[in-house]
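For reference, the structure discussed in these notes is given below.
Quick note: the coordinates plus some simple rules give every number you see, no bench work behind them. Everything numeric here is computed off the predicted structure, so don't read it as measured data. Cβ sites come from the backbone with ideal geometry, for glycine too, and all protein chains shown count toward neighbours.
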Amino acid sequence: MAATQITFEIAANPAPRLDKALGRDVPADASLSRSRLAKLIADGAVQVNGTIVTDPRFRVEEGAQITVSVDIAEESHIGGEDIPLDVVYEDDDLIVINKPSGMVVHPAPGTPNGTLVNALIFHCGDTLSGVGGMKRPGIVHRIDKETTGLLVAAKSDRAHHSLAAQFADHTVERRYIAMCYGVPEANDPRLRGIKGTSFEPGNILKVQTFLGRHKTDRQRQAVSFTTGRHAVTRCRILDPLGTPPVACLVECWLETGRTHQIRVHMAHCGHALIGDPTYGGKRKMSPKAIGEAGVDAISNFSRQALHAATLGFIHPVTEEFMEFEADLPDDMRDLLHVLGAEV
């Protein structure tokens with residue numbers, strides 16, 4: 001495999017360990033994350049003053065001449081496909097997409113093509129500098145197939161490392177707009193009696209549980225209070241829908257990011273998302289509250305009414321905080337209009 005040589009000099013006051021010194025001084029345009037540098041050291045691809053060093057704890061001095069041999073990124077085994085993308089922002093290191101309903105993020109046995117990754121490989125082309133030695137976009141988070149909204153992908157190894165760390169640390173700002181059955185109000189005694197739910201000032205619903213795979217249905221997630229992964233969701237009312245209200249437009253935000261988290265948590269507290277085929281179920285709605293057209297619109301809404309509306313993170317290179325917003329998709333706007341909301 002062809003390789004390229006990256007040469008540079010260790011600057012003043014280096015960290016005592018080779019891996020940390022390289023992480024600080026490697027040229028930014030090399031797009032090498034700390035994890036990638038650690039692997040290159042272990043693979044014997046790093047020379048210090050002409051000698052191969054494989055110990056990441058090796059003490060390196062100011063002025064040491066470093067040579068790193070990096071394999072030229074291979075083409076991904078995943079093929080690119082000319083699928084239209086709604087690009088919200090793009091630069092050399094990352095791309096932000098407003099994903100439509102019906103698009104799977106990553107290829108899997110049931111969906112080997114037609115995914116966001118296929119579309120990104122085609123769209124980004126040679127601007128993908130390589131993630132982990134492969135010319136592919138770095139997927140650091142996902143949203144469900146039928147959920148719409150914002151998603152960021154890395155185009156370089158350094159961006160992938162930084163964004164993945166931000167998601168792991170739960171420092172990424174993610175806010176969703178959803179439509180649910182009922183109205184999650186603090187004065188509802190039923191809600192206060194559900195384990196894992198509480199209210200914070202400002203009528204903000206907080207749901208705190210563990211989440212893990214359902215015991216009998218591996219495609220579903222389930223609430224637990226003993227096993228699984230810690231999950232916290234918050235929700236506030238934006239617009240009650242109907243007279244009297246029988247549904248609600250809400251904003252949800254994540255302290256953690258687990259599979260199906262908002263959908264499972266809202267269902268757990270009795271306010272499942274409209275149209276959710278897995279956790280929502282069909283509910284009998286009152287024509288007196290929303291009219292026959294409203295009843296039909298809710299009954300026929302074919303996906304979970306969930307939209308990733310806001311995404312904020314620190315740029316991996318500029319270190320500036322960036323925040324993006326995506327308007328509600330047409331199907332949710334149309335449903336809100338039928339239900340009498342001003343949109």
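For the reader, a short list of remarks on this structure follows.
- In order along segment 306-323, the Karplus-derived 3J(HN,Hα) couplings, from 6.51 cos²θ - 1.76 cosθ + 1.60 at θ = phi - 60°, round to 9, 9, 6, 8, 10, 9, x, 7, 8, 4, x, 10, 6, 6, 8, 6, 10, 9 Hz, and Gly and Pro are given as x.
- The chain: calculated mean residue ellipticity at 222 nm from DSSP helix runs of at least 4, using -39500 (n - 2.57): -6000 deg cm²/dmol
- Across segment 124-243, the relative contact order, built from alpha-carbon pairs under 8 Å that are at least six residues apart, equals 15 percent.
- When you count the other C-beta atoms within 10 angstrom of each residue and take the mean per peptide, 247-260, 321-334, 144-157, 172-185 line up highest first as 144-157, 172-185, 247-260, 321-334.
- Taking Lys and Arg as +1 and Asp and Glu as -1, the other residues whose beta-carbon sits under 9 Å from that of H315 total -4.
- With contacts taken as Cα pairs under 8 Å and at least 6 residues apart, the chain reaches a relative contact order of 14 percent.
- Annotation for segment 24-86: trypsin sites (Lys or Arg not before Pro) lying in DSSP loop with at most 12 further Cβ atoms inside 10 Å of their Cβ are R57.
- Ordering of 303-315, 276-288 by packing [mean C-beta count within 10 Å, highest first]: 303-315, 276-288
- Annotation: amide H-H contacts under 5 Å for R220 (H modelled 1.01 Å from N, sequence separation of 5 or more, or interchain): H214.
- Restraint check, K155/K215; K195/K282; K145/K195, Cα-Cα greater than 27 Å: K155/K215; K145/K195
- Calculated FRET value between A28 and D334, using beta carbons and R₀ = 30 Å, to 0.05: 0.05
- Residues whose amide H falls under 5 Å from that of V232, counting only those 5 or more places apart or on a different chain, are E255, T256, with hydrogens built in the peptide plane.
- Global geometry of segment 210-321, whether rounded, prolate or oblate, following the gyration tensor of its Cα atoms and the 1.5 cut on a/c: oblate
- When the GluC sites (Glu not before Pro) in segment 39-102 are filtered for DSSP coil states and for at most 16 other beta-carbon atoms within 10 Å of their beta-carbon, the remaining sites are E61, E62, E81.
- The Cα center of segment 21-36 and the Cα center of segment 221-239 differ in position by 37 Å.
- Reported label for calculated Cα Rg over 2.2 N^0.38 Å given [x] 1.03; [y] 0.97; [z] 1.18: [z]
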